[in-house]
There are 2 protein chains.
Amino acid sequence: MFSQAEENYLKALVQLIHFRDQGNEVGTNELALYLNVKPATANDMLKKLREKSLVSYVKYGKISLTTEGQKAGMDVVRKHRLWETFLVEKLDFTWDEVHEVAEQLEHIKSKKLVNSLDDFLQNPKFDPHGDAIPDREGRILIPYQRLLSEVSIGKSGKVVSVKDNSNSFLQYADKIGVRIGGMIEVAGRESYDGQTTLRVENKDHTVSDKFCMNIHVVCPTCKLGKDCSKNDCSF
Amino acid sequence: MFSQAEENYLKALVQLIHFRDQGNEVGTNELALYLNVKPATANDMLKKLREKSLVSYVKYGKISLTTEGQKAGMDVVRKHRLWETFLVEKLDFTWDEVHEVAEQLEHIKSKKLVNSLDDFLQNPKFDPHGDAIPDREGRILIPYQRLLSEVSIGKSGKVVSVKDNSNSFLQYADKIGVRIGGMIEVAGRESYDGQTTLRVENKDHTVSDKFCMNIHVVCPTCKLGKDCSKNDCSF
DNA sequence: TAATAAAGTTAGGTAGACCTAACAAAAAAT
DNA sequence: ATTTTTTGTTAGGTCTACCTAACTTTATTA
Ligand SMILES: [Mn+2]
Ligand SMILES: [Mn+2]
Ligand SMILES: [Mn+2]
Ligand SMILES: [Mn+2]
């Protein structure tokens, strides 16, 4: 199997390369910064992981994970997020206390343990921070996103991404408090032209339909939308 | 805190020095053998632990734990046994599958985690192998032992130790299948002279009262005897 | 385009936890 | 009381995962 250090690098690479919407090019320095080590150390490890066919990169080039490397990294993410869920659901930890401990627990080596834990927790799809938990094959559930313009009146959504990246759009969004990770409630919508009243950070703003068509949101609690059986599902 | 290796040595020392009825003198070779390392390695570590005031020993002398070292070792034992209990009680592991995983889990560093786990499991007093779980102060519950001669007819006990160590006694005990860790049921007892019928490994043997007065047994399920509230308690 | 800055690499070094081989002390057997 | 065996110690070496300092390549800016 892999050492604790190797696992941390593989997980970091999955996170930097695959779990970010933009700028998924990753270099030695960025990886080192992310893991709180020096670039020289990260460089050593990259060479080692290349030997083991877990990453693929050439000197001075950008880093990518092989299929095998990605699978291994996903597995660490899976374990991390399952343990976080365990700590919150079963041991009454709060969401901000779990990370440090999960950072250790994610390295326990036992297939049976992980899968039993998964079942014990009733195969959760998202961890306490709302991040998707990869299944045993490393597959991840993409949260059910919808455009803010399609959210019904009275419902709320959590912003996950924006389509428009122009300065005017971003500055406007920022001005009314709309940011990635933030909550928006659709307080009202005019049927005549789609003028929409959004409640953001306890303040109401009337915006155009065009604006709403550029914002992706998910259900803040389950992230699953349509197929979700939870009774507090927003979608 | 302590490194994983240090913790393994401390736990081993607690086990060799304090959790054995006889022969609690421990040397470098025995420690090394127990931990599957070479004597030279154990010697290195002992010097390191002495520096840290966790063990106390002189060159060529026997090893003992300081108060601090014993506390630290007990804590590892506590974690090991709590995790074993978790695996069996909550994740449906069998008693023979838990050791290897607990060997890893015992090194997770988080006071809150251990204590929450303890509560989640409802503060168990014994692990799946029947070994006592130290409490947060490192105190251990001594199982409630009684002499086989005091066990009521129909009840069963698990052998934990013998008083007589003569060859004739041990050979006799061996012949009828009585060994440490084994089960004995008191099938009958003659009120005239205490002649007792024992059921061992599905065979009946009639033995003297004198024989029964040399065998210590505990309740095989709870080990607590009198004060135990479990309805399958044998005592 | 040349100068400067940023990013990435290499060489050489440390600490922890292990090893082998040679040696010394203590215990057991003759 | 020697010899032999067992037990314990030391010296010196490996491997992993870090580090610093010097250097090279690539990217940015003047
Ligand atoms: Mn980690
Ligand atoms: Mn998380
Ligand atoms: Mn261990
Ligand atoms: Mn046990």
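At a glance:
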item	result
Given charges at beta-carbon only (K, R positive; D, E negative), |dipole| of segment B:128-235 in Debye	140 debye
Value of [θ]222 nm, deg cm²/dmol, for the protein assembly as shown, DSSP H segments ≥ 4, -39500 (n - 2.57) each, nearest 500	-12000 deg cm²/dmol
Estimated FRET transfer efficiency when R0 is 35 angstrom, pair A:Thr197-A:His99 (beta carbons, to 0.05)	0.45
For chain A, the longest site-free run once GluC sites (Glu not before Pro) in DSSP loop states with at most 14 other Cβ atoms within 10 Å are removed	A:26-136
B/A buried area, accessible surface, summed, 1.4 Å probe, Å²	1600 Å²
A:Ser168 accessible area, 1.4 Å probe, all protein chains in place, Å² to nearest 10	90 Å²
Cα gyration tensor shape of segment A:1-141, rounded if a/c is under 1.5, else prolate or oblate by comparing a/b with b/c	prolate
Restricting segment A:4-49 to trypsin sites (Lys or Arg not before Pro) in coil, as DSSP defines it, with at most 15 other Cβ within 10 Å	A:Arg20
Neighbour net charge for B:Leu121 - beta-carbon separation under 14 angstrom, K R +1, D E -1	0
Projected area, mean over directions - the protein assembly as shown, Cα convex hull, nm²	31.5 nm²
Per-residue SASA entry for B:Thr94, accessible area with 1.4 Å probe, Å² rounded to 10	70 Å²
For segment A:63-194: lysine pairs under 26 Å (alpha-carbon distance), excluding those fewer than 8 apart on one chain	26
Accessible area of segment B:145-230 divided out per residue, in Å², using a probe of 1.4 angstrom	56 Å²
Carbon and sulfur %, accessible surface of chain B computed with the full protein complex present, 1.4 Å	48 percent
Solvent-accessible surface ranking, highest first, for A:His107, A:His18 at 1.4 angstrom	A:His18, A:His107
Alpha carbon centroid spacing (whole Å) that separates segment B:168-204 from segment B:1-56	38 Å
Efficiency of FRET between B:Met1 and A:Leu141 - r from beta-carbon atoms, R0 41 angstrom, step 0.05	0.65
Kirkwood estimate for chain B, i.e. one over the average of 1/r between Cα atoms, Å	19.8 Å
Area of A:Met74 that stays accessible when all protein chains are in place (1.4 Å probe, Å², to 10)	10 Å²
Descending Cα extents along the principal axes, segment B:145-230, whole Å	38, 27, 22
Bins of 5 Å from zero: percent of alpha-carbon pairs in segment B:30-111	3, 13, 17, 19, 18, 13, 9, 5, 1, 0
Crossing angle, helix B:4-18 versus chain B [Cα axis fit, 0-90 degrees, rounded to tens]	40 degrees
Distance between modelled label sites at B:Glu89 and A:Asn24, nm, 7 Å Cα→Cβ extension	4.4 nm
Loop-resident sites, segment B:2-81, for chymotrypsin sites (Phe, Trp or Tyr not before Pro), counting at most 10 other Cβ within 10 Å (DSSP)	B:Tyr60
Two-site label geometry, A:Lys48 and B:Gln122: point separation in nm, points 7 Å out along Cα→Cβ	4.6 nm
Across the identical copies, how the B:Gly181 labels are spaced - nm, sorted shortest first, 7 Å along Cα→Cβ	5.3
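The values are calculated or read from the model by the stated rules, or taken from the named source; none is laboratory data. If you're wondering where the values come from, they're calculated on a predicted model, not measured in any experiment. Every residue, glycine as well, gets a Cβ built from its backbone with ideal geometry; the counts of neighbours run over all protein chains shown. Heavy atoms of the whole protein, side chains included, go into the accessibility calculation; ligands, DNA and RNA do not. Shrake-Rupley method; radii C 1.70, N 1.55, O 1.52, S 1.80 Å.
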